[in-house]
Every structure is written in structure tokens, then in C-alpha cells.
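Data first, discussion second: the structure below is written as C-alpha cells.
The values are calculated or read from the model by the stated rules, or taken from the named source; none is laboratory data. None of the values given here were measured: they were computed from a predicted structure. FYI the Cβ positions are ideal-geometry reconstructions off the backbone, even for glycines, and counts take in every protein chain you see.
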Amino acid sequence: METIRQQFQSINIWRRGSERAPHKPLLILLALGHYQRGGERLISFEWINEKLKELLKDFGPRRQFYRPEYPFWRLQNDGLWEIPKRGVLLNKTANDDVNRKELLSVSAVGGFPEGLYQRLKKNPGLVREIVRDILDKYFSETLHDDILQSVGLDLEMTTSRSRIRSPHFRNNILKAYEYRCAICGFDIRMAGNPVGLEAAHIQWHQYEGPDIEPNGLALCSLHHKLFDRGVFTLSPELEILVSEYASGGENFDFWLKRHHGHKILHPQRPDYYPDPKYVTWHVREVFRGPSRYL
Ligand SMILES: [Zn+2]
């Protein structure tokens with residue numbers, strides 16, 4: 001028999017190549033946060049619609065439309081979600097299409113099935129594992145704390161359990177960029193060891209991004225975070241492109257805007273340069289474009 005944890009691990013995610021579809025994972029995290037605050041099992045679609053749209057805008061790929069009604073309806077197929085039927089929903093199965101208006105018109109509510117809800121309520125350790133599994137599987141590590149805050153989950157687990165996949169990745173990338181941030185050149189060391197310098201995946205490893213130099217960038221903690229949130233990306237010519245949506249005062253100018261249109265600091269060998277196919281993925285799936293005027 002599948003354990004509860006496996007059941008969450010094996011939710012069916014719409015997949016086309018390496019496109020990101022974080023809808024169901026974000027809905028599950030949103031519901032778990034709601035329950036942790038003592039919320040009722042059945043949650044109104046109206047509330048989920050608003051919250052999930054924000055989450056998709058902040059942590060999902062940029063899309064023309066955001067569709068919170070899809071995961072709300074389709075998570076039923078995974079056996080993890082229940083929607084008491086009424087009105088226009090009465091004759092619909094979980095495979096049928098349902099639209100936002102229909103859900104709103106009948107004041108639809110949804111939530112985990114009673115048995116599951118009760119078991120999770122009694123088992124905060126299990127909730128913690130499920131949350132960690134979902135974060136590890138679908139989101140870059142730099143986003144984990146932000147997502148937890150946004151869904152209101154407090155799990156006393158600020159230290160990331162990030163798995164070590166290739167212990168050499170970090171070293172190889174930092175070496176490739178001579179131990180400095182490819183954007184700002186940050187290179188502070190303590191007794192010879194770099195501090196606040198990280199190896200970023202351009203195409204996330206959660207979406208088959210490999211642990212190789214052409215898929216990596218050495219970035220300071222700040223630029224790593226901004227890169228993973230899609231505040232800036234790279235052009236095919238490896239210029240830094242800042243999003244039109246990004247703004248701020250002097251700090252924004254200093255940390256970001258002045259780099260707009262400039263090339264990254266080059267790695268020490270030509271074959272270490274970011275491969276355009278990974279950059280293209282970042283532009284499509286992470287960057288919150290369009291980019292500012294050049
Ligand atoms: Zn930097």
C-alpha cells in the first residue's frame with residue numbers, strides 16, 4: 001500500500017518537456033498552511049483562487065493567464081482532494097473541464113479527504129516531510145523559505161536539507177568563474193574560503209538541468225536569489241537582462257540596473273560558457289520578462 005508520503009510524491013503533473021507546472025504543488029502547500037493555522041478542512045475556492053494566483057505569479061513561470069481552477073479541480077484525480085458537488089458541478093467528473101465562473105457561482109469548497117486531513121492533523125512530522133518533498137522536487141532551493149512564508153507554513157526548518165547530487169558541482173562552477181560572482185564580481189573570502197558565493201543552476205536540477213559547467217553560474221547569494229526569482233536573466237549573447245517589473249531605489253541601481261545590458265564576467269574557459277539551451281529554459285520558465293529597454 002502506498003504511504004501518504006508516496007501518495008503526495010506521485011501526484012500526476014501535466015508535463016511537456018521541461019516546462020514548469022507548479023499548480024498542484026502550490027495548492028497542496030497552500031492547503032497545508034491553511035490547516036496548520038487551524039483552518040477548516042474544506043476551503044472556499046474563492047479564497048484559493050486569489051491566493052493561488054498570487055503564488056503562481058510569484059513562483060511559477062510567467063504565463064498570460066493563471067488558472068487556479070485547474071489544480072483545484074484536478075487534484076481530485078490524485079485521491080488527495082475532495083469537492084462536495086452541487087449545482088453545475090453535480091454532473092461533472094474530475095476529468096471534465098470546469099471553469100472559474102462555475103466554481104465561483106456555486107461557492108465551491110474543496111479540501112483533503114477527511115481521513116487524510118485527520119491523519120495529517122495528528123502528525124506534524126509527516127506534514128514536514130511532505131512539504132520538504134514537494135519543495136525539493138519542484139522548486140530551486142533559494143525559493144524554499146519564500147514559498148513557506150507565502151503559504152504561511154512554519155515548520156521550524158529554515159536550514160535546507162538540499163540533497164547533495166554532485167558534490168563537485170559547486171566547486172567546479174566556482175572554479176570556472178574564478179571564485180567570483182558572474183554578475184557583480186563579489187569575491188569575499190574568510191581565511192581563503194569564499195563566503196556568500198554559490199553555484200546556481202541555470203536550468204533547475206528539478207527540471208533535468210545537469211550538474212555541468214555550461215548549466216552553471218557562480219553567483220553571490222543576492223544575485224542567486226534574484227536569478228531564481230526571475231528578476232534578471234541572460235540573453236543568448238550572455239548579456240544581463242533585467243525585468244521590466246523590477247524596480248527600487250539606489251540599491252536597485254547599484255546591485256542590478258547598472259548591469260543591465262552588460263555581459264557576465266566570463267568563465268576561464270570558452271567551453272564553460274552557459275549553453276544557450278539552458279539559458280533559453282531560464283528565459284521561458286523563470287524570467288519574469290519582458291526585459292527593460294536597452
Ligand atoms: Zn553578485
query: When Pro270 is evaluated against the numbered criteria (1) more than 14 Å from the ligand (Cβ to nearest atom); (2) over 21 Å from Asp145 (Cβ atoms); (3) under 20 Å from the mean Cα position of the chain (by Cα), which criterion, by number, is the only one it fails?
result: (3)
query: In the set His201, His205, which member is surrounded by fewer than 19 Cβ atoms within 10 Å (Cβ to Cβ), within 27 Å of Ile13 (Cβ to Cβ) and either within 10 Å of the ligand (Cβ to nearest atom) or not hydrophobic (A, V, I, L, M, F, W, C) (or both)?
result: His205
query: Condition test on Phe227, is it of a type in the set (Phe, Trp, Tyr), within 22 Å of the chain's Cα centre (by Cα), within 13 Å of the ligand (Cβ to nearest atom) and surrounded by 15 or more Cβ atoms within 10 Å (Cβ to Cβ)?
result: yes
- line: How many residues of segment 237-270 are assigned to a helix (DSSP H, G or I) and under 22 Å from Glu178 (Cβ atoms)? The answer is 4
- prompt: Is it the case that some residue within segment 93-104 is β-branched (Val, Ile, Thr), without any contact (Cβ under 8 Å) to a residue 40 or more places away in the chain, surrounded by 12 or more Cβ atoms within 10 Å (Cβ to Cβ) and more than 22 Å from Gln206 (Cβ to Cβ)?
  reply: yes
- prompt: If only one of Leu80, Leu103, Leu116 is farther than 28 Å from Val231 by Cβ, at pLDDT 95 or above and not in a helix (DSSP H, G or I), which one is it?
  reply: Leu80
task: Select from segment 1-58 the residues that are at pLDDT below 95, of a type in the set (Lys, Arg) and under 13 Å from the mean Cα position of the chain (by Cα) and list them in ascending order.
output: Arg20, Lys57
task: Return yes or no: is Leu174 within 16 Å of the ligand (Cβ to nearest atom), within 20 Å of Ser140 (Cβ to Cβ) and surrounded by 21 or more Cβ atoms within 10 Å (Cβ to Cβ)?
output: no
- prompt: For Gly248, all conditions in the list (1) over 25 Å from Phe169 (Cβ atoms); (2) away from the ligand (no atom under 16 Å from the Cβ) hold save one; what is the number of the exception?
  reply: (2)
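Listed here are the residues, each with its yes/no results for (1) farther than 20 Å from Arg62 by Cβ; (2) more than 14 Å from the ligand (Cβ to nearest atom); (3) not aromatic (Phe, Trp, Tyr).
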residue: Ser221; (1), (2), (3): yes, no, yes
residue: Phe232; (1), (2), (3): no, no, no
residue: Ile240; (1), (2), (3): no, no, yes
residue: Arg258; (1), (2), (3): yes, no, yes
query: Could we say that Leu265 is farther than 18 Å from Arg170 by Cβ, of a type in the set (A, V, I, L, M) and within 16 Å of the ligand (Cβ to nearest atom) here?
result: no
